[in-house]
1. Determine which residues of the range 50-67 fall in the zone a paramagnetic label at Val17 would reach in this model, i.e. backbone nitrogen under 12 Å from the point 7 Å along Cα→Cβ.
2. Using modelled backbone amide H atoms (1.01 Å from N, in-plane), which distant-in-sequence or interchain residues come within less than 5 Å of Ser49's amide H?
3. Quick one: length gained pulling Ser49 to Ser27 fully straight, 0.36 nm per residue minus the C-alpha distance?
4. Given the Cα-Cα distance of Gln103 and Asn40 and 0.36 nm per residue of separation, how much length would full extension add, in nm?
5. Would you please calculate the Kirkwood hydrodynamic radius of the range 28-98 over all C-alpha pairs and express it in Å, rounded to one decimal?
6. Quick one: what are the phi-derived ³J(HN,Hα) couplings along the range 64-81, Karplus 6.51/-1.76/1.60 with θ = phi - 60°, whole Hz, x for glycine and proline?
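Where a number appears in this text, it was derived from the coordinates with a stated rule and is not lab data. Not measured: the values here are computed from a predicted model. Note that each Cβ is placed from the backbone with ideal geometry, even for glycine, and that neighbours are counted across all protein chains shown.
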Amino acid sequence: SIKDGDEVAQGRNPLVVEIPPVPTGLSSPSSDRDGSFTVNWNAAPTATSYQLQQATSGNWMTIYTGEATSKYRSRLSPATYYFRVKSCNSGGCSGYSSAVETQVYKRDYCKFRCGGILK
């Protein structure tokens with residue numbers, strides 16, 4: 001039987017875990033010349049893991065699932081890359097953050113468009 005002082009009897013289930021909020025502070029460089037950079041985001045309260053997705057002009061694909069709040073990307077081909085992240089715990093996952101974008105240029109892009117100086 002349920003006792004009067006029992007949390008379940010009082011309408012609170014101690015086993016229910018609230019879904020964490022959407023992570024904030026998602027960032028990546030606006031442009032990059034070699035396809036190697038880090039995508040960062042802030043830790044979300046109660047989150048135990050994160051899912052980072054990437055897209056170019058097509059579908060989103062998950063490129064990272066884990067506890068870290070950053071992901072190093074390398075050897076990306078010239079294109080515009082979009083990133084979004086969500087937080088998860090045993091209660092479920094938040095929605096995705098707003099997307100950020102990074103334009104990866106060909107390595108010699110600045111040689112011809114930045115005053116002859118390779119940046």
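1. What the label zone holds, given the 12 Å backbone N cut-off, is 50.
2. Cys88
3. Details: separation 22, 0.36 × 22 = 7.92 nm, distance 1.77 nm.
Value of the extension gain: 6.2 nm.
4. Numbers: separation 63, 0.36 × 63 = 22.68 nm, distance 1.61 nm.
Separation in residues times 0.36 nm, less the Cα-Cα distance, equals 21.1 nm.
5. Working: mean 1/r = 0.0779 Å⁻¹.
Over the range 28-98, the inverse of the mean reciprocal pair distance is 12.8 Å.
6. Computed from phi, the couplings for the range 64-81 are 7, 9, x, 8, 5, 10, 7, 9, 7, 10, 9, 6, 7, 6, x, 4, 9, 10 Hz.
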